[in-house]
Amino acid sequence: MNWSTKIFFVVAMAAAVLRAAGDGDLVARLRRRDPEALGELYDRYGRLIYSLILRIVANQAIAEELVQESFLRVWNRSEGFQEERGSLGPWVLTIARNQALDYVRSLEGRSSKRSVSVDDTEPPVAMNAAEERILDGIQLKKVRVAIERLSANHRLVIEMAYFEGLSQTEMAERISQPLGTIKTWTRMALKSLREELGAVAS
Amino acid sequence: MTHDEARELLELYQLGVLDEADRREVEEHLKTGCEDCRKALAEVAAFNASILASVPLVEPPPRVRDRVLAAVTPPKPRPKAQPHYLPWMAMAAALALAVWLGNEARLKNEQLIVARRQVETVTTERDRLNSALTFLSAPETRPVGAKEDIAKPRGLYFVNPQSGILLIATNLPVLPAGRTYQMWLIPKGQAPVSAGLFKPDVRGGAVHIQPGAVDVANAAAVAISVEPEAGSTAPTTTPLLVTPVAGI
């Protein structure tokens, strides 16, 4: 690693830490029902949330509507926040994904499912330094590269799980493959990604 | 389900896309209090978020931010709009005031007209009564049945058990300085009781009322006498116009 790379890495780390600290302040202000705080939250995550929702619903007008609903959901649940410190990004992303998937499922007549643990029924929790880096630009580039490296079948099951909210049984029906094959592909795909992105979790 | 089997499904579990049977088994395993899985779950949340965040970034239109903020910001009067509204509001207020004042003036005017009418009525009534009393208390006036004797003092008493005694007198002698007429009610077998002080006009005419209940049944007579200015407890001069009260 040369000097310029090291300096860039340090600056990126500092930026990530500062951003996470800022989120702690934002949590406190959102809890006080400060509309300006929601504006700042939007400035931080609005583009990402819009992009995610657009990716899922593939319709600009509906994506705009769902972004608004997602931020309103954050706003309405902000009084339940427990931690002063903690990145809001993953929580806001989860809420946005649930909103978008609920919409898609309602179109397809499927029942609504919710992700757990960082579900919008639970307030965001404090994250360690590594976890705070997840939305860092460098990290996201690594994720994109890792997904591109997956085989077509492995990438397909990841897409269906993350951006279409399909269960493994639903995936098997969708692409007419045996459930066992889907399970194998999913397990292999996640293993590859964990290994590629190991720095996130360790 | 072993720990390794559960760990392999944690990403899908966190995403909420596990099939029902798998989801139940993962939850059973988490309930055993597996510390590794509990820690892993936080890592999995971050891992999943980073995959969700890896989507190609698209800039949303600025209106999205406006709509988000508008939804949580209480509506405020826009400052730019104020100079626009203010003259209209002032005009509306002035118009309302003018209407109100006009209404008030109209009401006041109506009240004044009513009051004037009342005064006119009262004045007419008073004039009518005055002329009647003047007529009655004039020296030349006499009951039709009485003899014409202009110079003689004359009086007509009216009695009402509830309202009192009224005297209409004419030709009363002019009072010396420091003197007044006093009316008396004389009960049967008792000393006279004062029934008020009065002074006649320059022509000797007087209308005097002593208000209050009168024990007419026990009254023997009414009379007047000339008394000192402050009145007396009993007549000190010879009573005039002594008139018996007829029994019921």
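To keep it simple, each residue is scored yes or no on (1) outside any strand (DSSP E or B); (2) in the same structural domain as residue B:226 (by TED's automatic domain parsing); (3) touching a residue at least 24 places away in the same chain (Cβ under 8 Å); (4) not acidic (Asp, Glu).
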site	(1), (2), (3), (4)
B:125	yes, no, no, no
B:130	yes, no, no, yes
B:134	yes, no, yes, yes
B:143	yes, no, no, yes
B:159	no, yes, yes, yes
B:162	yes, yes, yes, yes
B:177	yes, yes, no, yes
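Residues A:172, A:146, A:161, A:129: which one is surrounded by 15 or more Cβ atoms within 10 Å (Cβ to Cβ), out of contact with any Cys (no Cβ under 9 Å at 6 or more places or on another chain) and at pLDDT below 95?
Unique residue meeting the criteria: A:146.
For region A:94-115, how many residues meet the condition of being modelled with pLDDT of 80 or more and within 12 Å of another protein chain (Cβ to nearest Cβ)?
Qualifying residue count, region A:94-115: 9.
Which residues, taken from region B:1-36, are outside any helix (DSSP H, G or I) and within 9 Å of another protein chain (Cβ to nearest Cβ)?
B:16, B:17, B:18, B:19, listed by residue number.
Would you check which residues across region B:37-46 are within 10 Å of another protein chain (Cβ to nearest Cβ) and either hydrophobic (A, V, I, L, M, F, W, C) or in contact with a strand residue (DSSP E or B) (Cβ under 9 Å, 6 or more places away or on another chain) (or both) and list them?
B:40, B:41, B:42, B:44, B:45, B:46
Can you tell me which of (1) modelled with pLDDT of 90 or more; (2) within 45 Å of the chain's Cα centre (by Cα); (3) loosely packed, with under 14 Cβ neighbours inside 10 Å is the one residue B:228 doesn't meet?
(2) is the only condition that residue B:228 fails.
With the checklist (1) facing chain A (nearest Cβ under 7 Å); (2) surrounded by fewer than 23 Cβ atoms within 10 Å (Cβ to Cβ) in hand, flag the one item residue B:49 doesn't pass.
Residue B:49 satisfies every listed condition except (2).
What helices (runs of 4 or more DSSP H), lying completely within region A:133-202, carry at least 1 residues that are basic (Lys, Arg)?
Numbers: elements: A:137-149, A:152-162, A:168-174, A:179-196, A:198-201.
Those helices (runs of 4 or more DSSP H) span A:137-149, A:152-162, A:168-174, A:179-196.
If I ask for residues that are among the charged types (D, E, K, R), over 19 Å from the mean Cα position of the chain (by Cα) and more than 7 Å from every other protein chain (Cβ to nearest Cβ), which ones from region A:157-190 would you list?
A:170, A:173, A:174, A:183
Would you please name the residue that is farthest from the other protein chains (Cβ to nearest Cβ), looking only at residues in region B:52-69 that are in a helix (DSSP H, G or I) and in contact with a helix residue (DSSP H, G or I) (Cβ under 9 Å, 6 or more places away or on another chain)? Step through it out loud before you land on a result.
To start, the set of residues in region B:52-69 that are in a helix (DSSP H, G or I) comprises B:52, B:62-69.
After this cut, where a residue has to be in contact with a helix residue (DSSP H, G or I) (Cβ under 9 Å, 6 or more places away or on another chain) as well, the list is B:52, B:63-65, B:67-69.
Values: B:52: 5, B:63: 7, B:64: 5, B:65: 5, B:67: 5, B:68: 5, B:69: 5 Å.
Within region B:52-69, the match that is farthest from the other protein chains (Cβ to nearest Cβ) is B:63.
With respect to residue B:81, is the statement that it is at pLDDT below 85, of a type outside the set (Ser, Thr, Tyr) and in a helix (DSSP H, G or I) true?
yes
Would you check which residues across region B:189-214 are surrounded by fewer than 18 Cβ atoms within 10 Å (Cβ to Cβ) and touching a residue at least 40 places away in the same chain (Cβ under 8 Å) and list them?
Within region B:189-214, B:191, B:201, B:203, B:209, B:211, B:212, B:213 meet the criteria.
Out of curiosity, is residue A:91 at the interface with another protein chain (Cβ under 8 Å from one of its Cβ atoms) and without any contact (Cβ under 8 Å) to a residue 60 or more places away in the chain? Before the answer, list the steps.
Numbers: at the interface with another protein chain (Cβ under 8 Å from one of its Cβ atoms): no; without any contact (Cβ under 8 Å) to a residue 60 or more places away in the chain: yes.
Here the answer is no, as residue A:91 does not meet what is asked.
The values are calculated or read from the model by the stated rules, or taken from the named source; none is laboratory data. Since this is a predicted model, take the numbers as computed values, not measurements. Every residue, glycine as well, gets a Cβ built from its backbone with ideal geometry; the counts of neighbours run over all protein chains shown.
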